[in-house]
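Here is the structure we will look at, set down as structure tokens.
None of the figures in this text is laboratory data; all of them are computed from the coordinates on show. The model shown is predicted, which means the values in this text are computed figures rather than measured ones. Every residue, glycine among them, receives a Cβ derived from its backbone with ideal geometry; neighbour counts consider all protein chains shown.
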Amino acid sequence: MTSLLLRRLGFSLFSLVVVSLLLFVLTRSIPESPARIVLGDDATAAQIAAFDRDHGLDQPIVVQYAAWLERVVLAGDLGQSFTTGLSMNRQIADTFPVTMELVVVAFVVASMLSIVLGTLSAFYRDSPIDYFARLLAVLGVSIPGFWLALVLILTFAVDLDWFPPGGFVPLSEGLGPHLLSIALPCFCLAVFYLAVITRMTRSSLLEVLNQDYMRTARASGLGRGRLLMYAMRNALLPVVTIAGVSFGHMFGWALIIEQIFNIGGMSRALLTAINQRDYFMVQTVVMVFTIVFVLANLLADLVNAWLNPRLAAVAS
């Protein structure tokens, strides 16, 4: 396990360095300076050159990247926004918890329901619960998330007035209003991954249940509870892998969901930064998403190694 952890950590750090370097190159490949956004269309060439010089944008990309990496590693300073002058650390502290809460709640709900549905669908194959789970999975992967969000707002917020149509109510303003404000966004985030993980759980569990050792266990009179306990340990391996990838992908879906529900999270901040050519904000948000994605996959690998110790033995 230790060898697997060290190998995965090394690969994760390498991935973060490569992504950060690519971000630096891509964001600074835009021909127009962010000074045009900050200073306005009437800014002269001399003013733009002075802006670039003051912010180090006239330096080679390698020099800029080295300075940024040194500041991040040694001081934990992510830089300042070109357009607002605000600290990236402060903006991340204000927006990251919002997006993280939406994604975590949606992921937990999707994972728990999908594993239960997938397990029941596999154990009671060709039964009404199986047909229901399969129909739900097909609908979940077929319905666009943005369309579902608009339909839910129109139905449950505008017509029925059960939920607010948008916005984010902090927990400090009350548990009830807070839960109502995140209910629809979390549901829209969870539907697609609920369908994906349900289908994976069903297919993986069916494959395990059809193995020879499971047939022998059933022939020996082993109860459904014991069968489920033995089967799930092997069936969960691909499910955990898909769940780890899905957790990272949810941040991409949050980009759309936060925009539709007018939620001021990191995904919305990313769109604003792109429009304003705010290099540091784009880099910071994408890097945070990358770190979360890498950590989610690292955790999935460790959970799989715990479920099947042979994986750790092969890695060492």
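Fewest to most neighbouring Cβ within 10 Å: what's the order for GLU70, GLU258, GLU101? Don't jump to the answer; show the numbers that get you there.
Values: GLU70 11, GLU258 26, GLU101 17.
By the 10 Å Cβ count, ascending, the order reads GLU70, GLU101, GLU258.
Apply the Karplus curve 6.51 cos²θ - 1.76 cosθ + 1.60, θ = phi - 60°, to the phi angles in the range 16-30 and return the couplings in whole Hz, x for Gly and Pro.
The phi angles translate into 5, 5, 5, 5, 5, 5, 5, 4, 4, 5, 5, 5, 8, 7, 5 Hz.
Tally Lys and Arg at +1 and Asp and Glu at -1 over the other residues with C-beta under 13 Å from the C-beta of LEU179: what net charge comes out? Could the numbers behind the result be given before it?
Details: positive: none; negative: GLU101, GLU173.
So the environment of LEU179 carries a net charge of -2.
What FRET efficiency comes out for LEU222 versus PHE132 if R0 is 25 angstrom and r is the Cβ-Cβ distance? Round to the nearest 0.05. Numbers along the way, then the final one.
Values: r = 27 Å, r/R0 = 1.08.
FRET efficiency, LEU222 to PHE132: 0.40.
With θ set to phi - 60°, apply the Karplus curve 6.51 cos²θ - 1.76 cosθ + 1.60 along the range 155-170 and write out the HN-Hα couplings as whole Hz, x wherever there is a Gly or Pro.
In residue order, the calculated couplings are 7, 8, 9, 7, 6, 8, 6, 8, 10, x, x, x, x, 10, 9, x Hz.
I'd like the distance between the alpha-carbon centres of the range 158-186 and the range 1-31, rounded to an integer number of Å.
Computed from Cα coordinates, the inter-centre distance equals 37 Å.
Counting only residues 5 or more places away or on other chains, whose amide H sits under 5 Å from the amide H of GLN80 once H atoms are built in the peptide plane?
MET88
Add -39500 (n - 2.57) for each DSSP H run of 4 or more in the chain, then divide by its residues: what number comes out at 222 nm, to the nearest 500 deg cm²/dmol? Walk me through the intermediate numbers first.
Working: 13 runs with 241 residues, N = 316.
Result for the chain, helices only: -26000 deg cm²/dmol.
Rounded to whole Hz and in sequence order, give me ³J(HN,Hα) for the range 109-116 from the Karplus expression 6.51 cos²θ - 1.76 cosθ + 1.60, θ = phi - 60°, writing x for Gly and Pro.
So the Karplus estimates, Gly and Pro as x, are 4, 5, 5, 5, 5, 5, 5, 5 Hz.
Treat every Asp and Glu Cβ in the chain as -1 and every Lys and Arg Cβ as +1, leave all other atoms uncharged, and give the resulting dipole magnitude about the Cα centre to the nearest 20 debye.
Computed about the Cα centre, the dipole is about 1540 debye.
At 0.36 nm per residue, minus the direct Cα-Cα distance, what do ILE61 and VAL303 gain on full extension? Give it in nm, one decimal, please. Before the final figure, lay out each step's value.
Working: separation 242, 0.36 × 242 = 87.12 nm, distance 3.91 nm.
Length difference between fully extended and current span is 83.2 nm.
So for the pair ILE143, SER172, with labels modelled 7 Å out along Cα→Cβ, what separation do we get in nm?
That separation, rounded to one decimal, is 3.5 nm.
Working from Cα positions, state the angle (0 to 90°, nearest 10) between the long axis of helix 224-260 and the longest principal axis of the chain.
Result, in degrees: 30.
Under the rule of at least 5 residues apart or a separate chain, name every residue whose amide H is placed under 5 Å from the amide H of VAL169.
Correct list: SER181.
R0 = 30 Å: FRET efficiency of GLN259 with LEU295, Cβ-based, nearest 0.05?
0.75
Report, to the nearest 10°, how far helix 266-275 tilts away from the longest principal axis of the Cα atoms in the chain, using its own Cα long axis and a range of 0 to 90°.
For helix 266-275, the angle is close to 40 degrees.
Helix 61-75 sits at what angle to the longest principal axis of the chain, using alpha carbons and giving 0 to 90 degrees rounded to 10?
Roughly 70 degrees between the two axes.
Modelling each spin label as a point 7 Å along the Cα-to-Cβ direction, I'd like the VAL17/ASN275 distance in nm, to one decimal.
With each label placed 7 Å out from Cα toward Cβ, I get 3.7 nm.
Where does each of 268-278, 82-92 land if you order them by average Cβ count within 10 Å, highest first? Could you put the intermediate results ahead of the total?
Values: 268-278: 19.0, 82-92: 15.7.
So the order, starting with the most tightly packed, is 268-278, 82-92.
Compute the distance in nm between two label points, each set 7 Å from the Cα along the Cα-to-Cβ direction, one at LEU154 and one at GLU70.
Going by the 7 Å Cα→Cβ label model, 5.7 nm.
Sorted by mean Cβ packing within 10 Å, highest first, what order do the peptides 214-224, 7-17, 128-138, 284-294 take? Numbers along the way, then the final one.
Values: 214-224: 11.2, 7-17: 13.3, 128-138: 15.4, 284-294: 20.5.
Going from most to least packed, we get 284-294, 128-138, 7-17, 214-224.
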